[in-house]
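Following: one structure in structure tokens, then a few remarks.
The values are calculated or read from the model by the stated rules, or taken from the named source; none is laboratory data. Only a predicted model underlies this, so the values are computations on that prediction, with no experimental measurement involved. Please note: Cβ atoms are built from the backbone with ideal geometry, for glycine as well, and neighbour counts cover all protein chains shown.
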There are 2 protein chains.
Amino acid sequence: MAAELKTRRISVILADDHPVVRDGLAAMVNQQADMEVVAEAGDGDEAIARYEQYRPDVLVLDLRMPKRDGVAVVQRVLELNPKARILIMTTYDGDEDIFQCLSQGAKGYLLKDAPRQEILSAIRAVSEDRPYTSTTVAAKALQRMGKPSLTQRELDVLQLVAEGRSNKDIARRLSITEGTAKTHVKAILTKLDAISRTEAVAVAHKRGLIHL
Amino acid sequence: MAAELKTRRISVILADDHPVVRDGLAAMVNQQADMEVVAEAGDGDEAIARYEQYRPDVLVLDLRMPKRDGVAVVQRVLELNPKARILIMTTYDGDEDIFQCLSQGAKGYLLKDAPRQEILSAIRAVSEDRPYTSTTVAAKALQRMGKPSLTQRELDVLQLVAEGRSNKDIARRLSITEGTAKTHVKAILTKLDAISRTEAVAVAHKRGLIHL
DNA sequence: AAGCTCCTCTCTCTAAAGAGTGATGCGGGT
DNA sequence: ACCCGCATCACTCTTTAGAGAGAGGAGCTT
């Protein structure tokens, strides 16, 4: 313990668009002897810039942020440094979000309603390059396994379906025929195991495939 | 300024299901000379219990919480003390949520991405029984004005529509005929100014009429 | 080159949704 | 007593959605 205090502290960057959340995390982290916050970011672009600037041990990242989506930030940061240690911390528990982040190389994923202790131990785990995922989140990630994933085109169509567009309207917007739009919608219904388009939207939202 | 320091501090209760957010708010509030956090709550029931126990000057309340919805908490607390000063602090900016809370008597409403200063001045305003609403939120509240509100039955139907149920299915679940279900759906479409049920769900979600 | 996925388009046919209109009965309020 | 909003049901008619079954071509992998 005393020996550990002499080692360099874990450097942390916090990226979250809510000042309140950053304050809360910063207070928690800086209270610990073995870690410190070296920078904060309020949006995706800033998160990447600060990461480049400080190269911290751990990047704590919210998923839904202005300017650049959390998943995109994960991708970009790992591109800059494949050994980056990223801990996702968000309120979104859709299996798609979780799957995307973890499969792209994030080291940890936990929810904002996690107790303080769990958050701190997650940061420590990730700082040592050990993956950390709470049991409930891990269960969701496993749920996602085996489920068919949608193609990009299907996601495009799904987005429009979620906005309440008709097949004809979707066809017009994507410059395809109504028949093709129907084909995509049909594929979506099959993959999401939904009977109607409205149910498909509900399922997709629950899974985090779309964000209304 | 020096005189103000001698007056009693503003007592605050924080109700939010995220420990991190509570920590952040608590740190911010306790750093101020003129206010202090006297209790915290992690769900709706607890918020009511703590309010009764401490009767604070201000209750800072998150809307989406376990056990009891924020709107229900507002209602109950104002029932216990019609002069209660409640500040809503949430991520949800649907006009229905805003309208519900403010029309029921909440003194303020702001979003979690608000800067620190705005949050603190909102607490001060509310503590003096002055209403505080950020301009963007106020604009939303005005949007809601004039728009027709749905009846309880229509909300029941809307909920099922949002889950992807068919008219026939909805009729079965509510023990009414399919024709009646159609009538309700039609009324919903008219009131929400939507062409299809899927669009109605999108609009309803945006407005905060339903929470998927 | 063969195999693969994905996007595209074209049929038919049935079921469901939505527009339009009207009507009954219940309950609350003036 | 009267009015009015609400929930309930009924009827017709048009449009849209969705099931089913192919099929061609672009692009990528092995």
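Values computed for the structure shown
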item	result
Candidates A:E4, A:E46, filtered to the one that is of a type in the set (D, E) and modelled with pLDDT of 95 or more	A:E46
Among residues of region A:172-203, those that are more than 8 Å from DNA strand D (Cβ to nearest atom) and hydroxyl-bearing (S, T, Y), counted	3
Of all residues in region A:163-201 being facing chain B (nearest Cβ under 8 Å) and more than 18 Å from B:S166 (Cβ to Cβ), the one that is farthest from DNA strand C (Cβ to nearest atom)	A:E163
Which numbered condition A:R165 fails, given (1) among the charged types (D, E, K, R); (2) surrounded by 15 or more Cβ atoms within 10 Å (Cβ to Cβ); (3) in contact with an Asp or Glu (Cβ under 7 Å, 6 or more places away or on another chain); (4) more than 22 Å from A:M145 (Cα to Cα)	(3)
Hits in region B:92-125 (condition: within 14 Å of chain A (Cβ to nearest Cβ), of a type in the set (D, E, K, R) and over 15 Å from the mean Cα position of the chain (by Cα))	B:D113, B:R116, B:E118
Check on A:L160, within 14 Å of chain B (Cβ to nearest Cβ), more than 13 Å from DNA strand C (Cβ to nearest atom) and either at pLDDT 95 or above or surrounded by fewer than 17 Cβ atoms within 10 Å (Cβ to Cβ) (or both)	no
Residue match in region B:148-157 (condition: within 12 Å of chain A (Cβ to nearest Cβ), within 22 Å of A:V161 (Cα to Cα), of a type in the set (A, V, I, L, M) and within 16 Å of DNA strand D (Cβ to nearest atom))	no
Within region B:113-126, tally of residues that are surrounded by 21 or more Cβ atoms within 10 Å (Cβ to Cβ) and not β-branched (V, I, T)	1
Any hit, region A:112-131, residues being under 30 Å from B:R64 (Cβ atoms), in contact with a Gly (Cβ under 8 Å, 6 or more places away or on another chain) and assigned to a strand (DSSP E or B)	no
Some residue of region B:56-68 being within 14 Å of chain A (Cβ to nearest Cβ) and assigned to a helix (DSSP H, G or I)	no
Yes/no for A:M28 being within 11 Å of another protein chain (Cβ to nearest Cβ), part of a helix (DSSP H, G or I) and modelled with pLDDT under 95	yes
Residue in region B:175-188 that is at pLDDT 95 or above and on the phi > 0 side of the Ramachandran plot present	yes
